[in-house]
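First up is the structure itself, then whatever we jot down about it.
The values are calculated or read from the model by the stated rules, or taken from the named source; none is laboratory data. These numbers were taken from a predicted model, which means no experiment stands behind them. Here the Cβ positions follow ideal geometry from the backbone for every residue, glycine too, while neighbour counts run over all protein chains shown. Accessible surface areas use protein heavy atoms only, side chains included; no ligands, DNA or RNA. Shrake-Rupley method; radii C 1.70, N 1.55, O 1.52, S 1.80 Å.
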Amino acid sequence: MKQLLSVPVIVAALGYFVDIYDLLLFSIVRVPSLRALNVGDDQLLQQGIFLINTQMAGMLLGGILWGILGDKKGRLSVLFGSIALYSLANIANGFVTNVDQYAILRFIAGVGLAGELGAGITLVAEVLPKEIRGYGTSIVASVGVLGAVLAYFIADLFDWRIAYFIGGGLGLALLVLRFNVFESGIFKHVKEANVARGNFFALFSSWKRFVKYLRCIMIGLPIWFVIGILITFSPEFGVAIGLHTPIQAGKAVMFSYIGLSLGDMSSGLLSQYLKSRKKTVAVFVCLTALAMLVYLLQRTQSVAVFYSLCLFLGFAIGYWALFVTVAAEQFGTNLRATVATTVPNFVRGSVNVFTPLFLMGVEQAGFLGSAAMVGGATIVLALLAAWRMEETFSRNLDFTE
């Protein structure tokens, strides 16, 4: 228990807390912030998608940059640099006066946000004994995703500009705690050896390694489909199912992330009980499929039921920490940070693929039908990937590629 409450675990959890606050804040303040920038109601969806895609494009680039840096210079360099960048960018977000400025700063914030989770999970996985590292990474994610809950309440209590200022301030305050974190001994050992580190293209130089990397990405696709489409555009889905009372995106995000926190802890405990990462992933992917079906097929007129389904969706996709842990465990120390940082950001960036497909499908199958087709495709890909994935529960991480 003492090791689970060590400084690296606590700081990684708090860092992810601030990361999630800033990452989800735009989804929560999308409508009021765009209206304040004189965007008409008929353009809220399109401009919202544009800004989300811009942020995710930044995360794709940042995932590669921070991942390489994490393997070349160390996990701590990423933990310091990423939070400084996205904190300053989010403070600047509070001063925007038009959509173009908003887009540029969401891109910069996205680059910064890309480094936090992968570096934190990698560090925790390397400093904890293999028997309990699943608990450690679950604590990081379970505490971290509650940042979305804080973001909702802050956005509800304050103007959207103030909400950005608070997020940036929290990040800068966290930098002080980072000075007490130490680098992992496993990385130090590899750094002293004559081994190539952080070679992103090495992931594509071997077919076996590339397929393994691709599987790590595929198992996470349903998670971000739910967050990036079903939850972010919950007001539009509320209209599509015929709900008369408008749905608040911020409240939908809050409930889904409460569920995600519970799910992350549950999936971590289940993986420790089953002593299997891949079986647990498969269970939660199937649960996600069920939650999607209920969400898209129900025709409730109760707002409480709708938000309860957002909570259920969040719980079902609560294998986020497990999915990143699996990615970290699949690869050697010289590529681990690169993989653990790029994989979640490629999954987040997949919204740039989901969104156009979803909008194209709306013309043919309607809002709900299109969501069912795109979401179903992510479930199939995730189950295929989990089926063929190597089991890593008890793997010793002191090895190189």
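Please determine, by comparing only the residues of segment 360-373 that are open to solvent by 20 Å² or more (accessible area, probe 1.4 Å) and touching a residue at least 40 places away in the same chain (Cβ under 8 Å), which one is farthest from Phe225 (Cα to Cα).
Among those that are open to solvent by 20 Å² or more (accessible area, probe 1.4 Å) and touching a residue at least 40 places away in the same chain (Cβ under 8 Å), it is Gly366.
Here are Ala304, Ala382: which of them is surrounded by fewer than 24 Cβ atoms within 10 Å (Cβ to Cβ) and of a type in the set (A, V, I, L, M, F, W, C)?
Checking each option against the conditions leaves just Ala304.
Just one of Arg197, Arg209, Arg215 is under 30 Å from Ser370 (Cα atoms), open to solvent by 40 Å² or more (accessible area, probe 1.4 Å) and touching a helix residue (DSSP H, G or I) at 6+ places or on another chain (Cβ under 9 Å); which is it?
Being under 30 Å from Ser370 (Cα atoms), open to solvent by 40 Å² or more (accessible area, probe 1.4 Å) and touching a helix residue (DSSP H, G or I) at 6+ places or on another chain (Cβ under 9 Å) holds for just one of Arg197, Arg209, Arg215, which is Arg215.
For Gly40, are the conditions met, namely being open to solvent by less than 10 Å² (accessible area, probe 1.4 Å) and either on the phi < 0 side of the Ramachandran plot or β-branched (Val, Ile, Thr) (or both)?
no
Any residue at all in segment 251-260 that's at pLDDT 95 or above and aliphatic (A, V, I, L, M)?
No, because not a single residue in segment 251-260 is at pLDDT 95 or above and aliphatic (A, V, I, L, M).
Checking Phe179 against (1) at pLDDT 90 or above; (2) farther than 24 Å from Gly332 by Cα, which single condition isn't satisfied?
Unmet for Phe179, out of (1) at pLDDT 90 or above; (2) farther than 24 Å from Gly332 by Cα: (1).
Just to verify a result, which residue in segment 267-300, among those that are touching a residue at least 24 places away in the same chain (Cβ under 8 Å) and among the β-branched types (Val, Ile, Thr), is most open to solvent (accessible area, probe 1.4 Å)?
Here the residue is Thr300.
For Gly242, are the conditions met, namely being modelled with pLDDT under 95 and open to solvent by less than 20 Å² (accessible area, probe 1.4 Å)?
Criteria not met by Gly242.
How many residues are free of Cβ contacts under 8 Å to residues at least 24 places away in the same chain and of a type in the set (A, V, I, L, M) if we restrict to segment 175-210?
1
So Phe80 ticks every box in (1) open to solvent by 50 Å² or more (accessible area, probe 1.4 Å); (2) farther than 15 Å from Gly171 by Cα but one. Which box is left unticked?
(2)
Among the residues that make up segment 335-343, is at least one of them modelled with pLDDT of 90 or more, in a helix (DSSP H, G or I) and more than 25 Å from Thr54 (Cα to Cα)?
Yes; the residues of segment 335-343 include at least one that is modelled with pLDDT of 90 or more, in a helix (DSSP H, G or I) and more than 25 Å from Thr54 (Cα to Cα).
Which residues, counting only those in segment 324-338, are touching a Cys at 6+ places or on another chain (Cβ under 8 Å) and within 19 Å of Ala114 (Cα to Cα)?
Val326, Ala327
For Arg209, state whether it is of a type in the set (D, E, K, R) and within 14 Å of Ala386 (Cβ to Cβ).
no
Determine if segment 174-195 includes at least one residue that is more than 30 Å from Leu269 (Cβ to Cβ) and polar (S, T, N, Q).
So far as segment 174-195 goes, yes, one or more of its residues are more than 30 Å from Leu269 (Cβ to Cβ) and polar (S, T, N, Q).
Given the criteria in contact with a helix residue (DSSP H, G or I) (Cβ under 9 Å, 6 or more places away or on another chain) and surrounded by fewer than 21 Cβ atoms within 10 Å (Cβ to Cβ), does Ala103 qualify?
Yes; evaluated as a whole, the condition is true for this residue.
Restricting to helices (runs of 4 or more DSSP H) lying wholly in segment 206-318: which have 3 or more residues that are of a type in the set (Ser, Thr, Tyr)?
249-274, 277-297
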